[in-house]
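Here the structure is laid out as structure tokens; the discussion comes afterwards.
The values are calculated or read from the model by the stated rules, or taken from the named source; none is laboratory data. This one's a predicted model, so the numbers in the text were calculated from it and none came from an experiment. Glycine gets a Cβ as well: all are built from the backbone with ideal geometry, and neighbour counts include every protein chain shown. Heavy atoms of the whole protein, side chains included, go into the accessibility calculation; ligands, DNA and RNA do not. Shrake-Rupley method; radii C 1.70, N 1.55, O 1.52, S 1.80 Å.
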Protein chains: 4
Amino acid sequence: MRIGFIGLGNMGSGMAANLLAAGHEVTAYNRSPEKAAALVERGATAVTTIADACSGDVVISMLADDPAVESVTFGDGDTAGILTSLPQGAVHVSSSTISVALADRLTAAHAEAGQHFVSAPVFGRPEAAAAAKLFVVAAGDPAVVQDLSPVFDAVGQRTFAIAPGPKTANLVKLSGNFLIASVIESLGEAMALVGKAGVDKQQYLELLTSTLFAAPAYQTYGGLLARREFEPAGFAAHLGLKDVRLLLAAGEQLEVPLPIGSLLRDRFLSLLAGGGRDLDWSALGALAEWEAGGARPAPD
Amino acid sequence: MRIGFIGLGNMGSGMAANLLAAGHEVTAYNRSPEKAAALVERGATAVTTIADACSGDVVISMLADDPAVESVTFGDGDTAGILTSLPQGAVHVSSSTISVALADRLTAAHAEAGQHFVSAPVFGRPEAAAAAKLFVVAAGDPAVVQDLSPVFDAVGQRTFAIAPGPKTANLVKLSGNFLIASVIESLGEAMALVGKAGVDKQQYLELLTSTLFAAPAYQTYGGLLARREFEPAGFAAHLGLKDVRLLLAAGEQLEVPLPIGSLLRDRFLSLLAGGGRDLDWSALGALAEWEAGGARPAPD
Amino acid sequence: MRIGFIGLGNMGSGMAANLLAAGHEVTAYNRSPEKAAALVERGATAVTTIADACSGDVVISMLADDPAVESVTFGDGDTAGILTSLPQGAVHVSSSTISVALADRLTAAHAEAGQHFVSAPVFGRPEAAAAAKLFVVAAGDPAVVQDLSPVFDAVGQRTFAIAPGPKTANLVKLSGNFLIASVIESLGEAMALVGKAGVDKQQYLELLTSTLFAAPAYQTYGGLLARREFEPAGFAAHLGLKDVRLLLAAGEQLEVPLPIGSLLRDRFLSLLAGGGRDLDWSALGALAEWEAGGARPAPD
Amino acid sequence: MRIGFIGLGNMGSGMAANLLAAGHEVTAYNRSPEKAAALVERGATAVTTIADACSGDVVISMLADDPAVESVTFGDGDTAGILTSLPQGAVHVSSSTISVALADRLTAAHAEAGQHFVSAPVFGRPEAAAAAKLFVVAAGDPAVVQDLSPVFDAVGQRTFAIAPGPKTANLVKLSGNFLIASVIESLGEAMALVGKAGVDKQQYLELLTSTLFAAPAYQTYGGLLARREFEPAGFAAHLGLKDVRLLLAAGEQLEVPLPIGSLLRDRFLSLLAGGGRDLDWSALGALAEWEAGGARPAPD
């Protein structure tokens, strides 16, 4: 397929490379153009405007937050956005982790413009993006989602098509990040406790992940936590805060109290207030030890 | 080996049966003697006093809580307990989930009496106990723990020998139950949120457990939660509360704040106050939905 | 002074009446014009456009939330707002409980238009507004705040002039509402506890308010709580939620974790999810009893 | 009346002095006998055994915690306690802040011994004890409580006689300390927020205590907090933790979740883990600022 790709950060560059590897024709756009160079070597066409990335069947956006997606979609001052550039009948696939409210707004705007909108956020860290091992959660018009299979197959190991409203995929993605952050916090509390009693954290983690907690979330984040390996960030703390904020906003709109969500929000703020903005979000789990008299997680 | 077994509840009866199946000679004691009948059919000798269960190399106790273990060990009024019945050099293996403080007291008392004390709590529900699939966390004198391998191998799929002080095993066990309860609570919040947005909970759980959360804790408790299947209890809510209480007490002694632990304590109290004392502890996860306007988890 | 007054709800109608009583000339505007009738009897001039309320020295707005203040200030479609109607050199006094972010935006917009902006939120319930017993927290250009003394004296019993940036007054107001809600929640927990032990709540409250807690916040909200008198609402639960939301947003911007604030947010959501949207916000304090097995606070 | 007084700490020495000043005959006992010297100068008789303090109509105990009260009442090894020393018909007045469970045990033990037991915990700091300005909460046999009026009047400004079971007074006392600690925490959060925005904390406190929060609890603890004046301790942090622990235990027994209570417990543990064991408990309120990037409350 002819695919435009907007946003070549940690995640997007790996996804775009895998689209090329699967034989798709990729036109790549990034605000800082130097990031496109590596992709051009693999066969991509680099473009310098959003409009130029919108000439194919599909444009995929993979950006950091709501404002970035809004700016790219609706344009910014004199710069044309996806909405005015994409042909009728083409699809905007949003893989960014954005708010439920923005997903709703994008759905309506693209429908009005005669275009399709599909939310397809992904689970996985940059290593998984590079290895085409992401999990894709896709929601939108079932026929359109079906047609996008070659795209999703190129970037992920499995696609979950859920109920038609695109925003549902965003809610599920936010809830998944919430569950990961809950693992980080609960592991952090448990390690602070057994660690202060003299138990070796690595051995403890091996015990956990050999038994009831034999899951990637525990292995990955537990390892980072046991080794206090918070730099470089696979996913930065301030992005973790953003996701909790969006989760709580969705909870507020649906009138669902989320006490662990609230705790995580406070934890992220504490992490940022102590200088941890750009640490990996697993550093959140080290706050329990800090509150128990240990060292504060902070940049080197 | 010649093994006495005290406590034939949901967990103990399965463990004792597997000891018999592995060829050990088992003398079984239970406060309510009718529970021993099934074991006698498999070759056990039923006895009516604790003293009679203490004539072998090892006596294993598997009971509900601290008071039960105290009563069985130290005796009760005119009834002799393990401490005065067990031969010098023999071992008391405590598999109950008890407090760190009691583990310390038992360690000292048995040492003074010239006996050994090993803490060997287990991870796994009654089904796992019946299938010899438990995970055993053992702590005590390394040589003694080593000698007990045939016992642990008979009841579990793997044994983790950790640092020598017996109480460490109890702390690790409590922290493990804390992590499970954290999974129940965080899944409960996530399901309350996506459920209110119309996502099917079973499909949601399948997505989670196919990806980052492919672990028994998520599969087991997520399934019970999605189906609201809280009876009969594999592990009753009031026992869950007891374990959180012991965890918080250990945290207090070590000066470790445990905010998720505190939340779980409040949740369990709410569950009990609503009549859920004997429901499976996974019912705790349904409180999030209740607070969001749904039905209270309650006995049929 | 010649004063325009915009917003004649529970609070605004009392304030406007007191301005009239103090001899000021009042031009009153309300979206639903029938609310102006009682004021006209007392000497006010009713107008039907925002522009007509902006012909004096001062225009005071007293509205429910950010969107209402935005609409009134910046106009809405074809309707002129305060910003384009107010003469140069005149003052917009905002007494609404709004976000810190909006206060900043209003400060900049009025400055650009050659007008003054003063934030002057008030503490007190409708009875206090009617009795001219409010406490006014005023922030803005010190000379302008000084000139407004006759206005503030007419509506309140005391004015606190704080640091010059208007948004500081809004932050202080939000923090005050947070402290009140904290009183409601902590009293609610204490009453749930002693009440379940058989202590009479009214007697308990008398003890508290005769001693360490002899303050209006405890008397007012404790009384409503002890009598479960949640209708009619002096201040509705959904407005309480709004204020906590704005508080948490301010905390996020300043990187200050607020754990009681987070708890209050979850409590308000639970109250709303149970149908309590229009109950008095003191109903939040009854959730503790509900969670302890008592009745849910709900409309009659 | 002829009164024995056991426990001459910060609180007890002031209370005993006021009993002397009111004309009572006081026999004083303290574990460290040197503390009795100042009282002897005012006319007390110092004794060196608990039994010698039990020869009058009433013995008052004012001690730090459950173990101290247990030891003094039930005796310790060869040392006779109040229970075996007090004449039949005499009264043990316990003014210590103890657990509800211990109050129940004392009630039963004294009844069996033909003695009376009255719980009479007090509200007020050492300054109030010295000035006879305490508030006394008394519960027990109404006739006995009535007879004790001259005692209570000598030490306090007002006595609240509540429902007959002595333990109720202890529950009310614990709930009062909980409400004070809630004030400390909520003020701490509010001050962390407005302080980070540049508002002067003393001015902020003056605003609060002139309006809705014109109560001793806000004035006293808010002042200590605004000045960060945590030494010397009027009431030490580790005693604050003890009281929260007893509150939560009472809540658990009654099945009442107490989320602010749980937060306070975690806060106290964090304060102790950072070396704050002997700071005034108002230091708990400084943790919010610490988590927002400020300094940790710690001993000089």
Among the residues of the range C:253-288, count how many are more than 13 Å from chain A (Cβ to nearest Cβ) and in contact with a Leu (Cβ under 9 Å, 6 or more places away or on another chain). 8
If C:E231 meets every condition in (1) charged (D, E, K, R); (2) closer than 30 Å to C:L102 by Cβ; (3) under 20 Å from the mean Cα position of the chain (by Cα) apart from one, which number is that one? (2)
Filter the range B:153-176 for residues that are among the hydrophobic types (A, V, I, L, M, F, W, C) and more than 14 Å from chain A (Cβ to nearest Cβ) and give the result. B:A154, B:V155
Among the residues of the range C:201-225, how many are more than 8 Å from chain D (Cβ to nearest Cβ) and not in a helix (DSSP H, G or I)? 0
Residue list for the range C:21-67, restricted to those being surrounded by fewer than 19 Cβ atoms within 10 Å (Cβ to Cβ) and closer than 18 Å to C:L86 by Cα: C:E25, C:T45, C:T48, C:T49, C:A51, C:D52, C:S55, C:D57
Out of D:G274, D:G261, which single residue is under 19 Å from the mean Cα position of the chain (by Cα), over 30 Å from C:A128 (Cα atoms) and of a type in the set (G, A, S)? D:G261
Please go through (1) more than 19 Å from the chain's Cα centre (by Cα); (2) within 11 Å of chain A (Cβ to nearest Cβ); (3) in a helix (DSSP H, G or I) for B:A250 and return the number of the only condition it doesn't satisfy. (1)
Is it true that A:E291 is of a type in the set (D, E), more than 10 Å from chain B (Cβ to nearest Cβ) and over 20 Å from the mean Cα position of the chain (by Cα)? no
I'd like the full set of residues that are open to solvent by less than 10 Å² (accessible area, probe 1.4 Å) and outside any loop (DSSP other than H, G, I, E, B), limited to the range D:266-280. D:F268, D:L269, D:S270, D:L271, D:D280
Go through (1) of a type in the set (S, T, N, Q); (2) assigned to a loop (DSSP other than H, G, I, E, B); (3) surrounded by fewer than 22 Cβ atoms within 10 Å (Cβ to Cβ) and name the single condition B:T84 misses. (2)
Six or more apart or on different chains, Cβ under 9 Å: which pairs go from a residue in the range D:17-42 that's not assigned by TED's automatic domain parsing to the domain that holds D:M62 to one that's surrounded by fewer than 22 Cβ atoms within 10 Å (Cβ to Cβ) and of a type in the set (G, A, S)? Could you list them? none
So, in the range A:158-178, of the ones that are open to solvent by 60 Å² or more (accessible area, probe 1.4 Å) and modelled with pLDDT under 95, which residue ends up farthest from B:I184 (Cα to Cα)? A:P164
Between D:A181, D:A192, D:A143, D:A132, which is surrounded by fewer than 24 Cβ atoms within 10 Å (Cβ to Cβ) and part of a helix (DSSP H, G or I)? D:A143
Are any residues in the range D:89-115 under 19 Å from D:D57 (Cα atoms), buried (at least 24 other Cβ atoms within 10 Å of the Cβ) and out of contact with any Ser or Thr (no Cβ under 9 Å at 6 or more places or on another chain), and if so, which ones? D:V91
Filtering the range C:105-128 down to residues that are of a type outside the set (A, V, I, L, M, F, W, C) and either under 19 Å from C:P164 (Cα atoms) or modelled with pLDDT of 95 or more (or both) yields C:R105, C:T107, C:H110, C:E112, C:G114, C:Q115, C:H116, C:S119, C:P121
Just one of the numbered conditions (1) open to solvent by 40 Å² or more (accessible area, probe 1.4 Å); (2) farther than 25 Å from D:G293 by Cβ; (3) touching a strand residue (DSSP E or B) at 6+ places or on another chain (Cβ under 9 Å) is not true of A:L212; which one? (1)
Give the range B:40-62 a look and list any residue that's outside any loop (DSSP other than H, G, I, E, B) and either within 25 Å of B:Q115 (Cβ to Cβ) or of a type in the set (D, E) (or both), or say none. B:E41, B:T45, B:A46, B:A51, B:D52, B:A53, B:C54, B:V58, B:V59, B:I60, B:S61
Could you check, for the range B:236-256, whether at least one of its residues is more than 28 Å from A:L284 (Cα to Cα), open to solvent by less than 10 Å² (accessible area, probe 1.4 Å), touching a residue at least 12 places away in the same chain (Cβ under 8 Å) and in contact with a strand residue (DSSP E or B) (Cβ under 9 Å, 6 or more places away or on another chain)? yes
Taking the range C:72-81 and keeping residues without any contact (Cβ under 8 Å) to a residue 40 or more places away in the chain and either under 12 Å from C:I6 (Cα atoms) or open to solvent by 40 Å² or more (accessible area, probe 1.4 Å) (or both) leaves C:T73, C:F74, C:D76, C:G77, C:D78, C:T79, C:A80, C:G81
Being surrounded by fewer than 24 Cβ atoms within 10 Å (Cβ to Cβ) and touching a residue at least 60 places away in the same chain (Cβ under 8 Å) is the filter here, so list the residues in the range C:226-235 that pass it. C:R228, C:E231, C:G234, C:F235
Among (1) at pLDDT 95 or above; (2) more than 9 Å from chain A (Cβ to nearest Cβ), which single condition is B:E189 missing? (2)
